[in-house]
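None of the figures in this text is laboratory data; all of them are computed from the coordinates on show. A quick note: this is a predicted structure, and the numbers were derived from the prediction, not measured. Every residue, glycine among them, receives a Cβ derived from its backbone with ideal geometry; neighbour counts consider all protein chains shown.
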Amino acid sequence: MDDIRSNAANPARSAGDAAAHHAAISGGQPMTATPITLIEAITQALAWELEHDPSVLVLGEDVGINGGVFRATAGLQQRFGAQRVLDTPLDETTIAGLSVGLAAQGMRPVAEAQFDGFVYPMVDHLICHAARLRNRTRGRLHCPMVLRVPWGGGIRAPEHHSEANEAIFTNVPGLRVVMPSSPQRAYGLLLAAIREEDPVIYMEPKRLYRQYKEVVANDGEALPLDVCFVLREGTDVTLVAWGAQVKEALEAADALAKEGISAEVIDVATLRPLDFDTIAESVSRTGRCVIVQEAPRTAGFGAEIAARLAEHSMYDLLAPVERVTGYDTHIPLFRLEMKYLPSVERIVSAARRAAAHG
Amino acid sequence: MDDIRSNAANPARSAGDAAAHHAAISGGQPMTATPITLIEAITQALAWELEHDPSVLVLGEDVGINGGVFRATAGLQQRFGAQRVLDTPLDETTIAGLSVGLAAQGMRPVAEAQFDGFVYPMVDHLICHAARLRNRTRGRLHCPMVLRVPWGGGIRAPEHHSEANEAIFTNVPGLRVVMPSSPQRAYGLLLAAIREEDPVIYMEPKRLYRQYKEVVANDGEALPLDVCFVLREGTDVTLVAWGAQVKEALEAADALAKEGISAEVIDVATLRPLDFDTIAESVSRTGRCVIVQEAPRTAGFGAEIAARLAEHSMYDLLAPVERVTGYDTHIPLFRLEMKYLPSVERIVSAARRAAAHG
Amino acid sequence: MTLAASFQIDYLQYLGADGQPVREFPPALRDPAVLLPLFKQMLYVRAFDTKAIALQRTGKLGTYAPCLGHEATHVGIGAAMAEGDVYAPSYREYGVLFMRGVRPREVLLYWGGDERGNDFQEGAARHDFPFCVPISTQCLHAAGAALAFKMRGEPHLAVATCGDGGTSKTDFYAALNSAGAYELPLILGVVNNGWAISVPRSAQTGAQTLAQKGLAGGLFCLQVDGNDLVAVLEAMRIASERARSGQGGSVIEFMTYRLSDHTTADDARRYRDDAEVKAAWEREPMTRLRTWLTAQGAWSEAEEASWKEECERLVNIEVDAYLATPVQPVEAMFDYLYADPPPELLAQRAAVIAMEQRPQEHRHG
Amino acid sequence: MTLAASFQIDYLQYLGADGQPVREFPPALRDPAVLLPLFKQMLYVRAFDTKAIALQRTGKLGTYAPCLGHEATHVGIGAAMAEGDVYAPSYREYGVLFMRGVRPREVLLYWGGDERGNDFQEGAARHDFPFCVPISTQCLHAAGAALAFKMRGEPHLAVATCGDGGTSKTDFYAALNSAGAYELPLILGVVNNGWAISVPRSAQTGAQTLAQKGLAGGLFCLQVDGNDLVAVLEAMRIASERARSGQGGSVIEFMTYRLSDHTTADDARRYRDDAEVKAAWEREPMTRLRTWLTAQGAWSEAEEASWKEECERLVNIEVDAYLATPVQPVEAMFDYLYADPPPELLAQRAAVIAMEQRPQEHRHG
Ligand SMILES: Cc1ncc(C[n+]2csc(CCOP(=O)(O)OP(=O)(O)O)c2C)c(N)n1
Ligand SMILES: Cc1ncc(C[n+]2csc(CCOP(=O)(O)OP(=O)(O)O)c2C)c(N)n1
Ligand SMILES: [Mg+2]
Ligand SMILES: [Mg+2]
């Protein structure tokens, strides 16, 4: 579905171009002609890096012989050995703390949190250490670790398995927060995250894990970690989303097109640091912005985007900024969860409201 | 200094009125005629509740005979006994987890984190349990606990002792996040927090602990937990702040007055749930808003206020919203920390920029 | 070198896997009439478990965590607890829950994606902690409850259970540390079923026993054959008496086995030998007790057949009640978050209700 | 009951508080020439500590955590470590740090509010972890380093130290758990100085010894007289050899005493008896070693006087270097956060520099 289109207004920020910048890294592997799912793209990226960089290792609960509860690491321990792909004891503090120690001493750990709801015990090591090691030691040590987090709702999972908690990390200096929304971007952004010299929280919208397939070239080419991707161009309203909501936003754009409203769709992709320029440039043309966020509304990451628009784009805006978000309550258990998640319908309504202005 | 003024536009939201609403709770104690500091006001509120509610207990590291590293609990163990004022083992996970268990089983724990930088290991129990117990059990159990957190920088403290990390909590449904900024409000808001049936994170701007004194009636009267306080009225620009920055904002208002710019100053006081109405009403009159936030800029709580202005107050705004914040880096060790914190000068500049519009 | 400290961890077993006593039963447990109702309860739990898996397989339940093989440990723990005590479960201890008063329909609602599954309506369970998914965090909640009892001078105790994997979790350590520091009336029951999803017990820790983790907090430690109901009951009696008499907390390791997949979302064949499972079936808790009760003349094949029918009937009543429970109204998302919901939340609630009430055709496109 | 497991924790002491050996020293430590340089190092550390407190009292240093009384433990640990090993300190182990190559000026910079204090410039310390304020989190970092060694097949070991209070912290447990699970070359040194700010050791845990916490992870456990340099060295030798030969991790409890306040911001008289401190002075590490060295003819009052003068001189060089270090430029706030700083951060950096460069009178009002 959503292959990456070039950003006409700012070609340097298009994904294709960025990939070209990183092409030198490619080992010239053959293209995978078979379309793969987002989770398979993650496995493929992990395998690529394990293959090409001996300092990379994968650790987490059940990532070994079991291949992870989502199968993201399927086959990796068999292929690269238990020294490179390690099951950890059942403790998230341990996973985070060991990763900091490993990263500080020359390794590149790619840790897995089994579900979004289990990252909280990792927060201390991520904020107090991973995000600070370079700054604290004036560059003497640094912490090139990745934490992969299956993220968000919509898969009828048990309690604590459906959380959109990126706001825990987006106010933290020194971290990068990345969220892919297609198999291609999952592959390219994960490679970039692993090669990054500083810690990256890489949140994977689990609702998209197996939702559709895409051909992903297994060429070792990373995507840039500091750009938003313009996935669809439009003139009347800018829809800004990340993670699973990118798909809803694209569907909303289709629906809006039928009503004669032309929506531009931006995948934020990297939340921190934020490429606000791409968003501002789009809003300068459309004059309207609908931000779509799965997390609870108040003080979610969407607020930052809206705030920057209030600061920098006030004279461009023809309509008030709209946020379509989860509600200010916990995502319900699965019988009601779809009532909680931002829907195509809610995005369309918000875009219509915006389009009615100006 | 900043005694609470009535909010002319919305009298129901003035502190005095709110106190009246809560006057019934008062045990008719004699007034303290001697002015006291913010930290003494906290001690006084703790003592009041320990005295009047047998289910209240205080727990934390060194809160017992030592009276806390900031002396917030000075004398309380001596007065109420070691059954009511408990030193804990040195583990924040323990403090948070025990508090959830205590609160679920009929107690009202008032826990202390020794410093802001040590709350991270508490995040898991606060988010996964304290904030959800009522919702999870459909009201069968609930979690009336308070976590007191000495908050923020500016006291030349060691590493991890100066953090403005309220954004960790402001996206979490089920929590209340409160931050006093004067001895009177510290007293009244802490009483309210302890009496609240749901969990409250109560962040104490340690820079104000001993900065000035105020007469605080020890009358057991709580302040409301869902209002912003208008501390100074003005017509040209609204300065919105919380915690230690309230003082800077008031000083900036003084400086601006000399330049002929009339600034209204709002103390947010309760960040979650946010009383946006008071802010919106003010901005509808002034047309300009400067948000002052000590935390790193990106995705701090100020973004939520700016976002709501972008959504609801676009047609009221004469100038772009301004945020004066900490930078997107960690607060430096103390030799440089004052360069990091929002200063009166930066607030004044932002207000001037805003005033130049419209 | 001189000796700073020395310790012993005992292992408790009464009824061997073959149904023969390995030593004389504790006096209170010698009468088959004492064990019989618990055996029947174990059969009931197994009937429930079987039915729940069937419901999941036919799309009528979400992911479900079976308890096959854990019946003696779970029922034994439940039997040892009193009304005023508090229990903090993880997610698979239906045998304990039922003894506490939780109704099977509540368990089904929980795994069926409905919060009302944690709104335990009956018995001692009304004050118990809800299901707890974040591993071992419940151990600290139980410690908090135990601290509340201690401070109020109440004679109750708190019990938390976690798995073998759960003993690696920092919260487990925090709980035993505080139990020792405050001498809390707390029992931490470790249900060692050999596996934490795909990770075997041997990969979790270098400790020879999980019971000995209690030494880190100065607790009383015991390892028990968790498939032997008699040993489970006796261990709980010892630890409860210690707790109630002010002697502090215990860690009890119950050795059992997960005869099932981890959950219905798991496929244990990916990581586990069939031979191991087969061997574990030789030690499972039901057969040995049946053998013993039958030998005592307290049970028969005919009784078992009719009791199983009765279990089937009782479980079906619960399943029907579960299936007949309508989905909560959409506003239930908002209604239990705060005692006193803030206006902004009420506004969101109203908006959602309004959206629900719009006719369907207006809602799409 | 049968026995599931049994354990012994030994206590190691060679040199009594009175300076008399309580048993024969290990062969490698019998020659006074081996211990003498370490004794001198201990004196140097004490000279530094005294000076740092004086600097704080005169407003030239921020809050400072003294190490008075910890000299034998700290210097002994430092002496036992090799170049390729990695050390993860908390915040008061200057005796270890100096042995690793950290310069006193770096320690002063750190407590003086300057990040360059963690930019250890010399020796083995260049790869060591920085000061760590969040209690015991460094233990897991050391475990991660040990895991890196193990995976790369390197013969190094990682050492972390924490306090008695630090053994209550979940990270300490997590570290020993993973050391056991992975058989890591890790030594967790517990510097038991009796107090965690105002909380006595007895209130932290119900465990009889802190060493025994290692049993929770199946580690080698030892309790040591931490005021006896000989015992510290021997304990470290035993644990290091185990680690380097693939026998896994250890917890060593060093029994010492905090003869000072917790930090310069603390007033220990609020919570601690003078009598206890007085008694602790009888056991402090320096006197006994001086007595022994003097008895061996390896040390004299005159030598001590001149060495103390030399220490004073050396420390003063460091203090001067510290005091002469200019404050970092304001942009240093931004310059070490990312290898590749994002544009928005560079914009903030530029704005701050511009603000700094504006003349002062334009900057206020
Ligand atoms: C904090 C946390 N991390 C990860 C998980 C995912 N998870 C669910 S059950 C489980 C294994 C638990 O094993 P064990 O403690 O032995 O209990 P068992 O399921 O075998 O009864 C894991 C890793 C979780 N629920 N919570
Ligand atoms: C996570 C965390 N919580 C609280 C503190 C505050 N604090 C600093 S030192 C200390 C006591 C430490 O005691 P101990 O571990 O015995 O070490 P000692 O200072 O005695 O060497 C405390 C509570 C901290 N630094 N980190
Ligand atoms: Mg298990
Ligand atoms: Mg100590």
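So the values come out like this:
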{"item": "Amide H contacts of B:ILE201 (H built 1.01 Å from N, under 5 Å, at least 5 apart or other chain)", "result": "B:LEU147, B:ARG176, B:VAL177, B:VAL178"}
{"item": "Packing rank of D:184-193, A:142-151, where each peptide gets the mean count of other beta carbons within 10 Å, highest leading", "result": "D:184-193, A:142-151"}
{"item": "FRET efficiency estimate (nearest 0.05) - Cβ-Cβ, B:ALA257 to B:LYS213, R0 30 angstrom", "result": "0.80"}
{"item": "Average beta carbon contacts from partner chains per residue of D:224-233, 10 Å cutoff", "result": "0"}
{"item": "Cα-centre dipole for chain B with unit charges at Cβ (Lys and Arg positive, Asp and Glu negative), debye to 20", "result": "220 debye"}
{"item": "DSSP-defined beta bridges in the protein assembly as shown - what % are antiparallel, rounded to 5", "result": "20 percent"}
{"item": "Cross-link pairs beyond the 30 Å C-alpha cut-off, checked among A:LYS213/D:LYS150; C:LYS150/D:LYS169; C:LYS40/C:LYS60; A:LYS206/C:LYS278; B:LYS206/C:LYS213", "result": "A:LYS213/D:LYS150; A:LYS206/C:LYS278; B:LYS206/C:LYS213"}
{"item": "Sorted peptide list for D:199-209, A:259-269, D:72-82, criterion being average Cβ within 10 angstrom, highest first", "result": "D:72-82, A:259-269, D:199-209"}
{"item": "Cβ neighbours within 10 Å from other chains - mean over B:158-167", "result": "5"}
{"item": "Built amide H within the under 5 Å cut-off of A:ARG232, gap 5+", "result": "A:VAL265"}
{"item": "Cα long-axis angle, helix C:32-57 against chain C (0 to 90 degrees, to the nearest 10)", "result": "40 degrees"}
{"item": "Degrees separating the helix D:229-244 axis from the principal Cα axis of chain D, which is the longest one", "result": "80 degrees"}
{"item": "The protein assembly as shown, dipole about Cα centre (Lys/Arg Cβ +1, Asp/Glu Cβ -1), debye to the nearest 20", "result": "160 debye"}
{"item": "Integer Hz, Karplus 6.51/-1.76/1.60 couplings in order for the range A:170-180, x for Gly and Pro", "result": "6, 8, 9, x, x, 9, 10, 10, 10, 9, x"}
{"item": "For D:LEU346, label point 7 Å along C-beta direction: distances to other copies, nm", "result": "5.1"}
{"item": "Label-point separation, C:ALA33 to C:VAL327 (7 Å along Cα→Cβ), nm", "result": "5.2 nm"}
{"item": "Interchain or long-range residues, amide H under 5 Å from D:VAL86's placed H", "result": "D:LEU157, D:ALA158, D:VAL159"}
{"item": "Residue with peak Gaussian network fluctuation, chain A [Cα springs, cutoff 10 Å], from A:VAL123, A:VAL58, A:VAL292", "result": "A:VAL123"}
{"item": "Shape category assigned to the range C:10-323 from the gyration tensor of Cα positions, a/c cut at 1.5", "result": "rounded"}
{"item": "Theoretical ellipticity at 222 nm over chain C - DSSP helices of four or more residues, -39500 (n - 2.57) apiece, nearest 500", "result": "-14000 deg cm²/dmol"}
{"item": "Distance between the range D:284-306 and the range C:97-117 - C-alpha centres, whole angstrom", "result": "72 Å"}
{"item": "Residue (of D:ALA268, D:VAL75, D:MET151) at the positive-pole extreme of the range D:10-323, dipole from beta-carbon charges", "result": "D:MET151"}
{"item": "Over chain A: helical MRE at 222 nm, DSSP H runs n ≥ 4 each giving -39500 (n - 2.57), nearest 500", "result": "-9000 deg cm²/dmol"}
{"item": "Cα centre as origin, Lys/Arg/Asp/Glu Cβ charges: chain C dipole, Debye", "result": "400 debye"}
{"item": "Residue of A:PRO199, A:PRO296, A:PRO121 that the Gaussian network model of chain A assigns the largest fluctuation, springs spanning Cα pairs under 10 Å", "result": "A:PRO121"}
{"item": "Peptide-level mean, for D:157-167, of C-beta atoms on other protein chains within 10 Å", "result": "2"}
{"item": "Gyration tensor verdict on the protein assembly as shown (Cα atoms; rounded if a/c is under 1.5, prolate if a/b is larger than b/c, oblate otherwise)", "result": "rounded"}
{"item": "Label-to-label distance, nm, for residues given as B:ARG285 and B:GLU51 (7 Å Cα→Cβ offset)", "result": "3.7 nm"}
{"item": "Inter-copy label distances at C:ALA54 (7 Å, Cα→Cβ; nm, one decimal)", "result": "8.5"}
{"item": "3J(HN,Hα) from dihedral phi, the range C:276-293, Karplus parametrisation 6.51/-1.76/1.60, rounded to Hz, x for glycine, proline", "result": "5, 5, 4, 5, 5, 4, 5, 10, 4, x, 6, 4, 4, 6, 4, 4, 5, 4"}
{"item": "Three-way shape label, the range B:51-168, alpha-carbon gyration tensor, a/c 1.5", "result": "oblate"}
{"item": "Antiparallel bridges, percent of DSSP beta bridges restricted to chain A (to nearest 5)", "result": "20 percent"}
{"item": "Unit charges at the beta carbon, dipole of chain A: most positive-side option, A:PRO183, A:PRO320, A:GLN78", "result": "A:PRO320"}
{"item": "Copy-to-copy label separations for C:ARG358, where each label sits 7 Å from Cα toward Cβ, in nm and ascending", "result": "4.8"}
{"item": "Bridge type composition, chain D - antiparallel percent by DSSP, nearest 5", "result": "10 percent"}
{"item": "Degrees between helix D:137-152 axis and first principal axis of chain D (Cα, 0 to 90, nearest 10)", "result": "80 degrees"}
